[in-house]
Amino acid sequence: MQDKPTPPRHIAIIMDGNGRWAKGRGLPRTVGHKAGAENFRKIATYCKNIGVKYLTVYAFSTENWKRSEVEVSAIMTLLKRYLLEAVDSMERDRIRLHFFGDMTPISPELRALARETDGISGRLAADDFQANVCLNYGGRDELLRAARRFAADCAAGRRYPNELDETLFSSYLDSAGIPDPELIIRPGGEQRLSNFLLWQCAYAELYVTDTLWPDFGERELDQAIAAFQRRDRRFGGVKESET
Ligand code: FPP
């Protein structure tokens with residue numbers, strides 16, 4: 001039997017299609033999010049087992065507040081439930097958790113839980129698997145927050161505008177210290193980034209599938225990784241044979 005090829009170090013997923021998945025079954029959208037959250041648990045465990053180092057998922061965008069109160073509250077409850085479970089299991093399963101996004105408008109209870117999981121992550125080894133959950137996250141908002149912090153450091157004399165380069169700017173992002181995702185997966189069929197990881201996706205390979213997120217299983221992740229392995233990644237250069 002052939003060994004599976006080495007997976008990307010960092011995979012990012014736009015968990016889309018929960019609403020349609022539920023609608024197709026005559027169920028409320030919130031049931032789709034519940035199924036989506038369960039699938040996140042499964043896929044995160046699978047990523048860890050096959051040697052992916054980072055998994056970043058889009059759980060709630062800066063635009064998702066436009067949804068009904070019932071739907072927003074259902075997603076927040078699912079996140080709370082996940083964090084409560086994580087507090088008990090992260091150390092045993094060696095899973096680090098990190099949040100991307102502006103946590104200011106998130107409930108104090110969820111923020112306290114996020115601080116708790118941050119503390120546990122800090123006690124785990126740097127090379128343990130890490131799941132990044134994007135919560136109240138938008139790529140443009142992340143860039144603005146980073147720019148504001150850099151400007152504040154300049155105003156305080158800690159930094160100088162001329163020293164700003166890509167590496168320094170990256171250190172102001174929510175993803176500071178985390179390598180860019182090599183593969184971005186979008187279930188649900190839409191062919192857009194929807195304000196996800198705008199800086200970090202510069203050279204990411206995109207994989208779009210019509211499969212709805214709750215149905216996106218291990219086999220399809222294998223297929224996405226296999227498709228990624230077949231891509232010719234040139235990073236703006238040309239192949240050696242073409243020079
Ligand atoms: C997009 O599908 C999905 C969301 C906006 C929410 C995703 C949130 C979860 C899966 C719960 C998060 C929980 C954890 C534990 C990470 P959609 O509702 O836009 O689907 P549609 O396009 O079919 O309407």
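The numbers here are math on the coordinates, done by the rules we state, and not lab data. What you see is a predicted model, and the numbers here were worked out from it, not measured in a lab. Glycine gets a Cβ as well: all are built from the backbone with ideal geometry, and neighbour counts include every protein chain shown.
Under 5 Å between amide H atoms, partner at least 5 residues away or on a different chain: which partners does F100 have, H built in plane at 1.01 Å?
V133, C134, L135
What's the ranking of 133-140, 119-126 by average number of surrounding C-beta atoms within 10 Å, highest first?
133-140, 119-126
Near the amide H of L183, under 5 Å away, which other amide H atoms are found, from residues 5 or more places off or on another chain, if H is placed in the peptide plane?
Close amide H contacts, sequence-distant or interchain: H10, A12, E205.
Below 8 Å, C-alpha to C-alpha, sequence gap of six or more: please give me the relative contact order for the range 61-204 in percent.
Values: 135 pairs, mean separation 35.5, N = 144.
Contact order relative to length: 25 percent.
Ignoring solvent entirely, what values of log10 I(q)/I(0) come out of the Debye formula for the range 103-180 at 0.25, 0.27 Å⁻¹ when each Cα is a single scatterer?
So the normalised log intensities are -1.21, -1.25.
Taking neighbour Cβ counts within 10 Å as the exposure measure, how do Y207, Y58 sort from fewest upward?
So the residues, fewest neighbours to most, are Y207, Y58.
Among 226-236, 12-22, how do they line up by average Cβ neighbours within 10 Å per residue, starting with the highest? Write out the running numbers ahead of the final one.
Numbers: 226-236: 10.8, 12-22: 22.8.
Averaged packing, sorted descending, gives the order 12-22, 226-236.
Three principal axis extents, largest first, for the C-alpha atoms of the range 75-132, in Å?
31, 20, 16
If the range 149-192 were replaced by its equivalent ellipsoid, with semi-axes equal to the square roots of 5 times the Cα gyration tensor eigenvalues, what would those be, largest first, whole Å?
Working: eigenvalues 205, 24, 15 Å².
Ellipsoid semi-axes (Å, largest first): 32, 11, 9.
So what's the net charge close to D127: Lys and Arg +1, Asp and Glu -1, counting the other residues with Cβ under 13 Å from its Cβ?
+4
From the helices alone, meaning DSSP H stretches of at least four residues, give me the mean residue ellipticity at 222 nm for the chain, per-run term -39500 (n - 2.57), in deg cm²/dmol to the nearest 500. Walk me through the numbers before you get to the answer.
Numbers: 7 runs with 104 residues, N = 243.
Roughly -14000 deg cm²/dmol at 222 nm, from the helical runs in the chain.
For a footprinting-style exposure proxy, rank K34, K42 by other Cβ within 10 Å, fewest first.
Values: K34 20, K42 13.
Fewest-to-most Cβ neighbours within 10 Å comes out as K42, K34.
With N set to the number of residues, divide the alpha-carbon radius of gyration of the range 109-237 by 2.2 N^0.38 Å and report two decimals.
Compared with the compact-globule rule of thumb, the range 109-237 sits at 1.26.
Can you list the residues, at least 5 places off or on another chain, whose amide H is less than 5 Å from the amide H of T211, using H built in the peptide plane?
Counting only residues 5 or more places away or on other chains, the set is G188.
Can you divide the C-alpha Rg of the chain by 2.2 N^0.38 Å and report the result to two decimal places?
Here the answer is 1.05, to two decimals.
If you only keep lysine pairs separated by 8 or more in sequence, or across chains, how many in the chain come under 24 Å at the Cα atoms?
So the count works out to 15.
Can you work out ³J(HN,Hα) from phi for every residue in the range 22-33, in order, using Karplus 6.51 cos²θ - 1.76 cosθ + 1.60 and θ = phi - 60°, giving whole Hz and x for Gly and Pro?
Whole-Hz 3J(HN,Hα) from phi for the range 22-33: 5, 4, x, 9, x, 10, x, 3, 4, 5, x, 5.
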